[in-house]
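The values are calculated or read from the model by the stated rules, or taken from the named source; none is laboratory data. Every value quoted in this text rests on a predicted model; they were computed, and no experiment measured them. No Cβ is skipped: glycine too gets one built from the backbone with ideal geometry, and neighbour counts run over all protein chains shown.
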Amino acid sequence: MPWYRSAALTVVVLSVAAFGLVRPERLYVSKVEFEGHARAHEAELRHLSGVRNGATIWEVDVADVSASVLLHPWVSKVTTTRRLDGTVHVAVQEHDPVALLSHGGQLYYLDAGGRPFMRALTDDLDHPIISGLGPELEQVNPELPDLVVNDALWLMEQMHERGLVDRQQISEVRFSRTRGFTVQLAGSQPAARVLFGFGSYERQLDHLASLLHRGVDLSEPLHVDVAPRTVAIVRPIEA
């Protein structure tokens, strides 16, 4: 290490030591502050952090604090730092629910990666529902439920990105082992629905785009089946 770096490090160490001798109270934790939380309550995060009153800043294990705060169901990522003014700073990143998973009679929030992270709150259900999954799928293939969820999320995202159906217009995506995915749109009942068969989703999305370009109106109560390879089925839904 060059002499000037060694000297600088020595100055820093001696300064911190002198600071502790002159103002020892400043080495105690004076504040635990949280950043980035919206759904997780600060009191809950403070409790999970485990930082005790009277602890010195040097006693705080930032890795332990991060791991503990990460136990909160809304929290997906945590970074904890200590500051010489006695502050423990905890930056959190929360899950962003993109859909609801219906499973076992309960609804669960799903993140963009298709991972369920907590049971849905009764006052926050304004997300598309992915349904049709159950224990029988896991018995057929333990990986099948994850594949179904990821395909459903991908379909919704592609319909939105291509300008075919806005994400907020989708009410539900129902999976069937025999038919595939049925995308149920929101609106007055009966609302339009679009059926996608297994595989070749790009072709089916192209087929749907062609239908919309030719005047098919999904604001009307229509059943649109784009699974057939050559001819789509479009018929009105009886009230």
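Any idea which of R214, R235 is touching a strand residue (DSSP E or B) at 6+ places or on another chain (Cβ under 8 Å), farther than 20 Å from A99 by Cβ and among the basic types (K, R)?
R235
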Conditions (1) in contact with a Gly (Cβ under 8 Å, 6 or more places away or on another chain); (2) within 24 Å of P135 (Cα to Cα); (3) modelled with pLDDT of 95 or more; number of the one not met by F198: (3)
Verdict on A191 being in contact with a Ser or Thr (Cβ under 6 Å, 6 or more places away or on another chain) and closer than 19 Å to L208 by Cβ: no
Matching residues in the range 177-203 - criterion: being surrounded by fewer than 15 Cβ atoms within 10 Å (Cβ to Cβ) and under 19 Å from A232 (Cα atoms): T178, F198, G199, S200, E202, R203
Across the range 217-227, what is the total count of residues that are surrounded by fewer than 16 Cβ atoms within 10 Å (Cβ to Cβ) and either of a type in the set (A, V, I, L, M, F, W, C) or touching a residue at least 12 places away in the same chain (Cβ under 8 Å) (or both)? 2
Applying the selection to the range 177-205, what residues are of a type in the set (G, A, S) and over 18 Å from V149 (Cα atoms)? A186, G187, S188, A191, A192
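Yes/no per residue for (1) acidic (D, E); (2) closer than 30 Å to Q169 by Cβ; (3) loosely packed, with under 13 Cβ neighbours inside 10 Å:
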position	(1), (2), (3)
A43	no, no, yes
A67	no, no, no
W74	no, yes, no
T87	no, no, no
L101	no, yes, no
A120	no, yes, no
P128	no, yes, no
G132	no, yes, no
N141	no, no, yes
Given the conditions (1) at negative phi; (2) modelled with pLDDT under 95, report the number of the one that S66 does not fulfil. (2)
